[in-house]
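Following this message is one structure expressed as structure tokens.
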Amino acid sequence: MTLRKYIPDLITSMNLVCGLLGVVFTLRSRLDIAFACMLAAAVFDFLDGLAARALDAYSDMGKELDSLCDLVSFGVLPALMLSFLMQTYRFDGSWICWLPLLLAVFSALRLAKFNVDPRQKDSFLGLPAPASGLLCGALCSYCCHTPAEFLSTWVSGPVFIPLLTACLCVLLVCELPMFSFKFHKGDARTLTVKRLTLVAFILAAAVFCLVAGHHWSLAVLLGFVFYILNNLVYALFKL
């Protein structure tokens, strides 16, 4: 096997490095930097797939490594971030601070299911772990940068984060069809429209945040909320 066959695995490993750094910064109560690490992990998670396709370097080991890295970066890390965020809202020592850790458990179930489900080759059944993780990370980052904003006020209560955790856990393991961000030759026109609609919304959200003076993490948060609602509508009307 040539050296180039290991390039995708090297990129995947950088995903794990970023996730571990995010965990370290979370334990130091730097959720803003932890989210930046998660974004970097997402970039490497995207690039390893591109590299594997470009180099024709698919392997069973690479598939398993990708899931293990995703579990840390988009399962364990966001669960810890939500738990630490609750602790900053005067819930330190309360059992409800541990509820977000369930997100890591259901992310593991989601990734294991994905690896053995042949139906999820070009699309997803259930919320992808990276989407769940980035939504949580963006929420934590926004609340850290804007503690006096309306969303931060909602999050500071004892109900919002546990309820969000429960919703995401259900979405991770449910059978809801969700479109993939990975482009393939021969993709249906409707799938392309769905992706472009999401991109257009994220750009609009970014412009809104820039004009209204909101932190940019709100655009990321709104983008993934729109992704979930979009897929719910598509499934409801069978589009």
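The values are calculated or read from the model by the stated rules, or taken from the named source; none is laboratory data. On a predicted model such as this, the values are computed, not experimentally measured, just so you know. Glycine also receives a Cβ, built like all others from the backbone with ideal geometry; neighbour counts cover every protein chain displayed.
In region 36-45, is there at least one residue being part of a helix (DSSP H, G or I), within 19 Å of P147 (Cα to Cα) and modelled with pLDDT of 90 or more? Reasoning before the result, please.
Going through region 36-45, the residues part of a helix (DSSP H, G or I) turn out to be 36-45.
Filter once more, keeping what is within 19 Å of P147 (Cα to Cα): 36.
Then keep just the ones that are modelled with pLDDT of 90 or more; that gives 36.
Taking every residue of region 36-45 in turn, at least one turns out to be part of a helix (DSSP H, G or I), within 19 Å of P147 (Cα to Cα) and modelled with pLDDT of 90 or more.
Here is a follow-up. Restrict the check to region 214-223 and report whether at least one residue is over 16 Å from the mean Cα position of the chain (by Cα) and not aromatic (F, W, Y).
For region 214-223, residues over 16 Å from the mean Cα position of the chain (by Cα) and not aromatic (F, W, Y): present.
Follow-up. So V220 fits all but one of (1) of a type in the set (V, I, T); (2) farther than 24 Å from Y234 by Cβ; (3) crowded, with 21+ Cβ neighbours inside 10 Å; what number is the exception?
Among (1) of a type in the set (V, I, T); (2) farther than 24 Å from Y234 by Cβ; (3) crowded, with 21+ Cβ neighbours inside 10 Å, V220 violates only (2).
Scan region 46-73 for residues that are part of a helix (DSSP H, G or I), among the polar types (S, T, N, Q) and over 17 Å from G137 (Cβ atoms) and jot them down.
Selection gives S67 alone.
While we're looking at this one, here's another question. Cβ-Cβ distance below 6 Å, separation of 6 or more or different chains: which pairs start in region 111-130 with a residue that is polar (S, T, N, Q) and end on one that is surrounded by 12 or more Cβ atoms within 10 Å (Cβ to Cβ)?
Once the first residue is polar (S, T, N, Q) and sits in region 111-130, its partners that are surrounded by 12 or more Cβ atoms within 10 Å (Cβ to Cβ) give N115/S67; Q120/F114; S123/F179; S123/S180.
Taking region 1-13 as the region of interest, how many residues are crowded, with 18+ Cβ neighbours inside 10 Å and among the hydrophobic types (A, V, I, L, M, F, W, C)?
Number satisfying all stated conditions: 1.
Please verify whether region 193-215 includes one or more residues that are touching a residue at least 60 places away in the same chain (Cβ under 8 Å) and assigned to a helix (DSSP H, G or I).
No, region 193-215 contains no residue that is touching a residue at least 60 places away in the same chain (Cβ under 8 Å) and assigned to a helix (DSSP H, G or I).
Continuing with this model, one more query. Give me the helices (runs of 4 or more DSSP H) completely within region 74-172, filtered to those with at least 2 residues that are surrounded by fewer than 20 Cβ atoms within 10 Å (Cβ to Cβ) and modelled with pLDDT under 90, ordered by residue number. Break it down into steps so the answer makes sense when it comes.
Working: elements: 77-86, 102-116, 129-145, 150-155.
Those helices (runs of 4 or more DSSP H) span 102-116, 150-155.
Assess whether L39 counts as being within 14 Å of G133 (Cα to Cα), buried (at least 21 other Cβ atoms within 10 Å of the Cβ) and not aromatic (F, W, Y).
Working: within 14 Å of G133 (Cα to Cα): yes; buried (at least 21 other Cβ atoms within 10 Å of the Cβ): no; not aromatic (F, W, Y): yes.
Here the answer is no, as L39 does not meet what is asked.
Can you confirm whether P147 is free of Cβ contacts under 8 Å to residues at least 24 places away in the same chain and either under 22 Å from F25 (Cα atoms) or under 13 Å from the mean Cα position of the chain (by Cα) (or both)? So that I can check it myself, show each step before the final result.
On the way: free of Cβ contacts under 8 Å to residues at least 24 places away in the same chain: yes; either under 22 Å from F25 (Cα atoms) or under 13 Å from the mean Cα position of the chain (by Cα) (or both): yes.
In short, yes.
Residue check: is A79 farther than 19 Å from L135 by Cβ and of a type in the set (G, A, S)?
The answer is no for A79.
Filter region 21-44 down to the residues that are touching a residue at least 12 places away in the same chain (Cβ under 8 Å) and among the charged types (D, E, K, R) and list them by number.
The answer is D32, and nothing else.
Only residues in region 50-76 that are within 14 Å of V23 (Cβ to Cβ) count as the first member; pair them with residues that are among the polar types (S, T, N, Q) and surrounded by fewer than 18 Cβ atoms within 10 Å (Cβ to Cβ), Cβ under 8 angstrom, at least 6 apart or cross-chain, and list the lot.
Matching pairs, first to second residue: C69/S13.
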